[in-house]
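The values are calculated or read from the model by the stated rules, or taken from the named source; none is laboratory data. It should be emphasised that the depicted structure is a prediction, and the values quoted were computed from it without experimental measurement. When we count neighbours, we look across all protein chains shown, and the Cβ atoms used for this are built from the backbone with ideal geometry, even at glycine. When the accessible area is computed, the model is the full protein with side chains, heavy atoms only, and any ligands, DNA or RNA have been set aside. Shrake-Rupley method; radii C 1.70, N 1.55, O 1.52, S 1.80 Å.
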Amino acid sequence: MARRLFLLLAAAVLCLVASGQDAKTLPEKDGIFQLSKTNFHIALKTYKQLLVHFYAPLSADGRHLSEVFQEAAGELRDSDIKLAMVDVTKDKELAKELNATGPPKIRLYLFGEKLNFVSCPVPQSAASIVTWLKRRAGSAADLITDLSQLESAQEELSVVGFFQELESEYVRVFYSTAVSLPDVRFAVTQNDDVIRNFDVTHDVVLLLKNSQLIQAYQMTPQTSKEDLVTFVSVYQMEAVTEYSGKTATRILSSPVLSHALLFVNKSSANFHTVHAAFNTAAEIFRMKILFVLVDVWEPRNGRLMEYFRVRAYEAPLVRLVNLTDHVTYQLPSATLDADSIEAFCRDYLDGKAKPKMQSEPIPEGWDQRPVKELVGSTFEAVAFNPNRTVFVLFYVPYSPECRAVFTLWEELAEAFKARDDVVVARIDASANDINMSVQRAYPAFCLFPALYAERAVFYTGDRKLKALLAFVHQEMKKAAKDRMKENEDRRKYVESMKAEDEKKERNATKEEL
């Protein structure tokens, strides 16, 4: 028993010695430990405060955050906090173990425990990281004793709390908010002259820009840190924020998780009218919905447009997205005025808006009517049938111009009712995503010839039955000639493959002999 206890103590001592030796030899670059799965836990156990940046070197956000982190390392060189980096693309197991996958992030680990960490808000600069650490350690706000201190502040944006008692619960919430927003200057005051200058009462938080009042927030016993963070985060941005490389991080890290996106061509003739309507609605729904403008002619917005499956020719349009579940909604109106946008937002907040789906449910009896009702899940199988000519109307239900051609489309379907080789169909383009680009405004008319090749021919002629019938017959004649060539090519291909197989079989027989 005594021998076993001795061996256990000896092993523990050896582990401590080894840990101490390993901690001294941790790989380091410019004052930052370069950690991996083999040494992360050694660093964690050695240092009481370990600020770790989990990054992906190939991502733009990762590179920017790494530059900020490295700059902060220089300012924190003499502090008790040790800095480290982990490349999550190389150490995937470690990232998964620490639940550090996803976007780049910075965490402050405390007292050597991997579960005891505080996440650093996404910093705009090295000063943001330093400020965050200082606010965690001490006072989170400056104390203003007279008006001149406020007017001489160099920061463009300031959050000032006017409190009757500096030891109140309101001030605790205020300080806690300051820690979460290190990019913004926070200050508190009890000075009555300062309070009178802004014509407010005590226990009010003001957001100032260049010493000018932007918005006031009255504290109540129910006010939480989250409420105050949302207030500052929302009002430090414009009512409508244009999406760009500079604003993307702030938009995506906003505590407001419902975003309204206006996809618009900023060079279009009606841009200012549409933007004004969008801005009017934005002012109404501050703190509830974040309003974002996306210029469809900006090439760098291509990935965002691809994510929402928006094409430039469809603009202007408004989408709402909930970042909690990523369900999207589309404004069901061809008119983008303030009233329609406001009504859409209210329906969304009230749970009345219908989500935009990749495919609507397949309608019962969809193929029993003269005009076949296609949805996203049935489109390709019907449109690209090599044995049928399929003429499809792409429409959006809220467009009067689209609804005006419904009767004409029914007449066209009746004209081909007796033919099994011709299908007349329609699809709601606002509710179904398909793997092809229409590249024109709605309504759009597209014919898919009876060919093995997936060809699409758009019709741009008169919206009259006679013209439509002539177009279909003309394309069917062209397709018949092309089909003969396709059949001949397929016959030759089958014969060549058959000959190749026979040749291989003969060679195999010779080898056996």
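Rounded to the nearest 10 Å², what accessible area does ASP350 show when all protein chains are kept and the probe is 1.4 Å?
The value for ASP350 is about 100 Å².
Restricting to segment 388-457, what percent of DSSP beta bridges are antiparallel, rounded to 5?
Beta bridges within segment 388-457, antiparallel portion: roughly 45 percent.
Can you compute the equivalent ellipsoid semi-axes for the chain, i.e. the square root of 5 times each eigenvalue of the Cα gyration tensor, sorted largest first and rounded to whole Å? Intermediate results must be reported in sequence, preceding the final value.
Working: eigenvalues 686, 311, 62 Å².
Over the Cα atoms of the chain, the semi-axes work out to 59, 39, 18 Å.
Of VAL438, PRO316, ASN197, which is farthest along the charge dipole of the chain in the positive direction, counting Lys and Arg as +1 and Asp and Glu as -1 at C-beta?
Checking the options against the dipole of the chain, the answer is VAL438.
Mind checking which lysines have their C-alpha under 19 Å from LYS225, skipping anything on the same chain fewer than 8 residues away?
LYS134, LYS288
Considering only protein heavy atoms and a 1.4 Å probe, what is the carbon-and-sulfur percentage of the accessible area of segment 196-307? Don't jump to the answer; show the numbers that get you there.
Details: 2890 of 5790 Å².
Carbon and sulfur atoms account for 50 percent of the accessible area of segment 196-307.
With a sphere of radius 10 Å drawn around the Cβ of ALA277, what net charge do the other residues whose Cβ falls strictly inside it have (Lys, Arg +1; Asp, Glu -1)?
-3
What are the ³J(HN,Hα) couplings of segment 304-311, residue after residue, when phi is run through the Karplus curve with 6.51, -1.76, 1.60 and θ = phi - 60°? Round to Hz, x for glycine and proline.
Listing the rounded values in order: 5, 5, 5, 4, 8, 6, 10, 9 Hz.
Tell me, what is a quarter of the convex hull surface for the C-alpha atoms of segment 386-436, in nm² with one decimal?
In nm², the orientation-averaged hull projection of segment 386-436 is 4.1.
With r defined as the distance between the Cβ atoms of ASP78 and GLN215 and R0 fixed at 45 Å, what FRET efficiency is calculated, to the nearest 0.05?
So, using R0 = 45 Å, E works out to roughly 0.70.
Around LEU290, with a cut-off of 13 angstrom between Cβ atoms, what is the net charge of the other residues, counting Lys and Arg +1 and Asp and Glu -1?
Details: positive: ARG250, ARG286, LYS288, ARG319; negative: GLU238, GLU242, GLU283.
Net local charge, LEU290 excluded: +1.
Segment 345-381 to segment 172-241: how many Å between their Cα centroids?
Measuring centre to centre over Cα atoms gives 46 Å.
Pick out, from THR378, GLY351, THR389, the residue whose Cα sits farthest towards the positive end of the charge dipole of segment 345-392, with +1 on the Cβ of Lys and Arg and -1 on the Cβ of Asp and Glu.
Working it through, the farthest residue towards the positive pole turns out to be GLY351.
Starting with the highest mean, order 477-484, 39-46 by the number of other Cβ atoms within 10 Å, averaged over the residues of each peptide.
39-46, 477-484
Just by accessible area at a 1.4 angstrom probe, what is the order of ARG303, ARG426 from largest to smallest?
Largest accessible area first, the residues go ARG303, ARG426.
Determine the dipole magnitude for segment 371-493: charges of +1 sit on the beta-carbon of Lys and Arg, -1 on that of Asp and Glu, nothing else is charged, the reference point is the Cα centre, and the result goes in debye to the nearest 20.
480
Kindly provide the trypsin sites (Lys or Arg not before Pro) of segment 324-397 that DSSP labels as loop, not H, G, I, E or B, and whose Cβ sees at most 11 other Cβ atoms within 10 Å.
Of the trypsin sites (Lys or Arg not before Pro), the ones in loops of segment 324-397 whose Cβ has at most 11 other Cβ atoms within 10 Å are LYS352.
Amide H to amide H under 5 Å from GLN49: which residues, 5+ apart in sequence or cross-chain, H placed 1.01 Å off N in plane?
Those lying under 5 Å, H to H, from GLN49 are LYS82, PHE111.
So, in nm, how far is label LYS478 from label TYR313 when the simple model puts each one 7 Å beyond its Cα toward the Cβ?
Using points 7 Å along Cα→Cβ, the separation is 1.6 nm.
Could you give the C-alpha radius of gyration of segment 365-451 expressed as a fraction of 2.2 N^0.38 Å, taking N as the number of residues it contains?
Normalised Rg, Cα atoms only: 1.01.
Just read off the accessible area of CYS120 with the full protein assembly in place, 1.4 Å probe, to the nearest 10 Å².
20
Roll a 1.4 Å probe over the protein heavy atoms and report the accessible area of GLU410 in Å², nearest 10.
Per-residue accessible area (GLU410): approximately 80 Å².
Please work out the ratio of the alpha-carbon Rg of segment 51-100 to 2.2 N^0.38 Å and round it to two decimals.
Ratio of Cα Rg to 2.2 N^0.38 Å: 1.20.
Considering only DSSP beta bridges whose two residues both sit in the chain, what percent are antiparallel, to the nearest 5?
55
Over segment 305-412, consider all pairs of different Cα atoms and compute the Kirkwood hydrodynamic radius from their mean reciprocal separation; express it in Å, one decimal.
Working: mean 1/r = 0.0614 Å⁻¹.
About 16.3 Å, per the Kirkwood formula over Cα pairs.
In what sequence, largest accessible area first, do SER340, SER119 appear using a 1.4 Å probe?
The residues order as SER119, SER340, largest area first.
List the relative contact order of the chain as a percent without decimals, with contacts defined as Cα pairs under 8 Å and 6+ residues apart.
Normalised by residue count, the contact order of the chain is 8 percent.
What's the center-to-center distance, using Cα atoms, between segment 25-98 and segment 451-513 in Å?
So the separation of the two Cα centres works out to 59 Å.
I need the phi-derived Karplus couplings for segment 38-47: 6.51 cos²θ - 1.76 cosθ + 1.60, θ = phi - 60°, integer Hz, Gly and Pro marked x.
Whole-Hz 3J(HN,Hα) from phi for segment 38-47: 6, 10, 4, 5, 5, 5, 4, 6, 7, 10.
Straight-line reach from LYS352: which aspartates and glutamates have a Cα under 15 Å away, not including same-chain ones fewer than 8 places off?
Those aspartates and glutamates meeting the cut-off are GLU342.
Taking the solvent-accessible surface of protein heavy atoms with a 1.4 Å probe, what is the per residue accessible area of the chain in Å²?
56
Explain nothing, just the number: relative contact order of segment 429-513, from Cα pairs under 8 Å at least 6 residues apart, as a whole percent.
20
Local charge sum around GLY376 (other residues, Cβ-Cβ under 10 Å, Lys/Arg +1, Asp/Glu -1)? Could the numbers behind the result be given before it?
Numbers: positive: none; negative: GLU360, GLU380, ASP428, ASP433.
Summing Lys and Arg as +1 and Asp and Glu as -1 gives -4.
Give or take rounding to whole Å, what are the principal axis extents of the alpha carbon atoms in segment 190-247, in descending order?
Principal extents (largest minus smallest coordinate, Cα): 42, 28, 14 Å.
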